[in-house]
Each structure stands twice: as structure tokens, then as C-alpha cells.
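Shown next, in C-alpha cells, is the structure this report addresses.
The values are calculated or read from the model by the stated rules, or taken from the named source; none is laboratory data. Fair warning: this is a prediction, and the values are worked out from it, not measured in the lab. Reconstructed Cβ throughout: ideal geometry from the backbone, glycine too, with neighbour counts over all protein chains shown. Keep in mind that these areas ignore ligands, DNA and RNA; they rest on the heavy atoms of the full protein, side chains included. Shrake-Rupley method; radii C 1.70, N 1.55, O 1.52, S 1.80 Å.
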Amino acid sequence: MPRFRGRLHDARTATVVGRLLGVAVAVCFVTGLISHYLQQPPGWAVNVLPSRPVWGYRLTQGLHVATGIAAIPLLLAKLWTVYPRLFGWPPVKSVAHALERLSIAVLVASLLLEIFTGLLDTTQWYPWPFPFRQTHFALAWVATGSVLLHIAVKAPVIAAHWRRGPRGTRPADPDAADRRSFVAAALTAVGGVTLATVGQAFTPLKVTDLLAPRRPGDGPQSLPVNRTAAQAGITGTRLAGWRLRVAGPSPYELTYRQLTALPQYSAVLPISCVEGWSQNAHWTGVPLRDLLDRAQAPHDAPVRIVSLERGGNYAVTEMGASYARDPLTLLAVSLNGRPLDHDHGYPARIIAPNRPGVLQTKWVTRIEVLT
């Protein structure tokens, strides 16, 4: 069996790159948990999820996607440093060695699959038969657990190569210059992919947004669209005779003219999507709490929002009282100074602070008070 003698396939290089990859995985995991529980909160948290800061989800989901993309060159660099060991012979030397190799196989496979599926999600391409969100969430636990197990197994090696030691006591390291160049190249790749994609969430860098699937400002009314009216089955026939129905202790209905005749309020709020893009916009509409007060809804009651949309995973969404009663949560009828475009949810849509874009229901036709 030929032996690998390439330079930098060593524990010191693997540890240096592994530290960077570990930070990216940790940030990606934590921000992913935030996204998951904002989309699907446990029952006890429904009414207490924070609606502030208004930019909270924009920041965490932007970091989630940015660190996930940044992890790609770091993972490839890490695999390059250790791949000779993956082809060592004999493949299994003992029971402990077999368990170690099994843990590495799970680690590599889960990280590659997690990053690959997450990257395709940013483009809204799902060429697999399983549900993305549930699988991505479960796989995140597997990948993170594998990372922690690997760190525990390799703790003595990591500790021995974490740093070179005080000046004057460091052993000669003929590969130090090459290692610095290798790490610098990996970080340059991280910076490159980040700079070319992060502008979809961090709009001051939108001019460098060359690789991301969304560009701030593109789309009707200068705002991107994920799901168009045509894709949602929204036609002129379905909108004819539209009514907003509010179901509560004192239910009522409103026509579009009656809705727009109510006192209107404006707010600058971001629309922040799970795919990683986000953008501030100027929204005008009726505060949701005013509509709920008119229906005499209890102040601690969550609500269900029903869309005219046909199909889709978010045609019906629920909103806790902390969001429903926030003065910035609007049933919006206007975007950037003009009535909503059909693709943005005409005749009315929900916009709320610190809330995932998939829950900012478009084409709202019914609001139900849940008691």
C-alpha cells in the first residue's frame, strides 16, 4: 500500500483548520435552532417568542446561511489535511479503531449532506424525495453530535497541537510557512464566497452579490419574491369578491375598500427568508391588534392566519400573542408607497417584526382567534 508523504497532512494543520470549521459549525447550528423554533415553536413558547428586535431574524438567518456557505471551503480544506488517514491500511486495527473510523464516516457524511442540502435550499431546488426542513433539522443534530464526539476522541491530539508553545521553546517547524499559506488560502476562499453571497442579506454589499440566487431590489416593487401568485394558484377569479373574515368572539367581515378605509399605519420592517436573503421595505396597513380588538379577542390569544394560496406548506400559519399584539405587526395593503403587487400578497398580507418570511402570510383571507 503506497504511503502518503504530502506536506501539511499533519495534526497541527488539521487542528488549525478544524478550529475555524468548528466555529462555523457552531454558529450555523445555533442560528439554525433559532430559525427552527421561530418557525415551529413548542407549545409553551408560542405566546412568548420575542417580536423584537425587529431585525433579529434577519441577523440570525443571514449568519446561518453565511456560515453554512463559509463552511464549504473550510470543510474541503479539513478533508484535504486528513484524507491520507482515510485510506490507511489495514482499514480496521481494533474495535476502538473501528468505532473511531465509524464516527468519522458519520461526521463526514452528515456534514457534507447538511451543507449540500442547505446550499440547494438557498436556490429553492429540492431534487430529493424527503421533506427538507425536518430532515435538515434532524441532520443538524447528527452532524453536531458527530463533531462533538470527534473532538472528544481526538482531544489529546487537539490539545497537543492547539498552539506551538511559548517563544524560545518551540521546536523547529519546517512546514510553518507553508501551513500559514495554506490557511491563508482557505480563509481567502471563505472571504471570496462570503463576499459573493452575503449581499443578499447585508444590503451594503449587494454590489458584490454575484453568486447568491437573490439580489436586494430585484422583483416587483423593488423587493424579491420567492413564491409568485401564479405558483400559489392566485387568479383574478379567486380574488373576485374578496373578503377578509375575522373569526372571534365578535366575528365580522371587511371588503377591500372597508379594510383600506380603516386607520392605516406605516412601518419599515425587513422581510427575511429562510433561504438567507432579506431586505427592508416600507409597509402600510392596519395593525393586527386593531382587527383583533374589533373582534373582542382576548389579549393572550394566539391567532391563525389563512391564505387564499392553494397548497404550499404555509398556506395556514399560526401566530402567538407576542407577535399578534405587537404594534408593528400589520395586515399590510401597501408596499413601498403602492398597493401590494399580486406577487407580494395583494390584497392583504401579514408583516411582523423578527419573524421568518415563510410565516409572513400572503393573500390573507381569514384571521381566526384561537381560544
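Taking every residue in the range 82-107 that is within 13 Å of VAL153 (Cβ to Cβ) and pairing it with any residue that is open to solvent by 70 Å² or more (accessible area, probe 1.4 Å) and outside any helix (DSSP H, G or I), at least 6 positions away or on another chain, the pairs with Cβ-Cβ distances below 7 Å are ALA98/VAL92; ARG101/VAL92. Go through the residues of the range 32-50 one by one and say whether even a single one is among the aromatic types (Phe, Trp, Tyr), buried (at least 17 other Cβ atoms within 10 Å of the Cβ) and either farther than 21 Å from VAL183 by Cβ or at pLDDT 95 or above (or both). No, the conditions are met nowhere in the range 32-50. Among residues of the range 316-331 that are under 20 Å from TYR37 (Cα atoms), those with a Cβ under 6 angstrom from a residue that is acidic (Asp, Glu), sequence gap 6+ or separate chain, pair up as ALA321/ASP300.
Residue-level check: of (1) open to solvent by 40 Å² or more (accessible area, probe 1.4 Å); (2) within 21 Å of PRO213 (Cβ to Cβ); (3) at pLDDT 95 or above, THR60 misses just (1). Do we find a residue being open to solvent by 10 Å² or more (accessible area, probe 1.4 Å), among the hydroxyl-bearing types (Ser, Thr, Tyr) and outside any strand (DSSP E or B) anywhere in the range 353-368? No, the conditions are met nowhere in the range 353-368.
In this structure, is VAL142 among the hydrophobic types (A, V, I, L, M, F, W, C) and not in a helix (DSSP H, G or I)?
No, not satisfied.
Where helices (runs of 4 or more DSSP H) fall entirely within the range 229-296, those with at least 2 residues that are closer than 30 Å to SER35 by Cα are at 288-294.
Per the conditions (1) of a type in the set (Phe, Trp, Tyr); (2) modelled with pLDDT of 95 or more; (3) not in a helix (DSSP H, G or I), the sole criterion not satisfied by PHE29 is (3).
In the range 318-326, is there at least one residue being aliphatic (A, V, I, L, M) and closer than 22 Å to ALA240 by Cβ? First the steps, then the outcome.
Filtering the range 318-326 down to residues aliphatic (A, V, I, L, M) leaves 319, 321, 324.
With the extra rule that they be closer than 22 Å to ALA240 by Cβ, the set shrinks to none.
No.
Exactly one residue out of PRO224, PRO263, PRO220 is open to solvent by 60 Å² or more (accessible area, probe 1.4 Å) and modelled with pLDDT of 95 or more, and it is PRO263. Comparison of ARG214, ARG238 shows that the only residue that is charged (D, E, K, R), touching a residue at least 24 places away in the same chain (Cβ under 8 Å) and out of contact with any helix residue (DSSP H, G or I) (no Cβ under 9 Å at 6 or more places or on another chain) is ARG238.
What's the total number of residues in the range 322-336 that are out of contact with any helix residue (DSSP H, G or I) (no Cβ under 6 Å at 6 or more places or on another chain) and more than 23 Å from GLY236 (Cα to Cα)?
Applying the first criterion (out of contact with any helix residue (DSSP H, G or I) (no Cβ under 6 Å at 6 or more places or on another chain)) to the range 322-336 yields 322-323, 326-328, 330, 332, 334.
Next cut, more than 23 Å from GLY236 (Cα to Cα) only: 322-323, 326-328, 330.
Total satisfying the criteria: 6.
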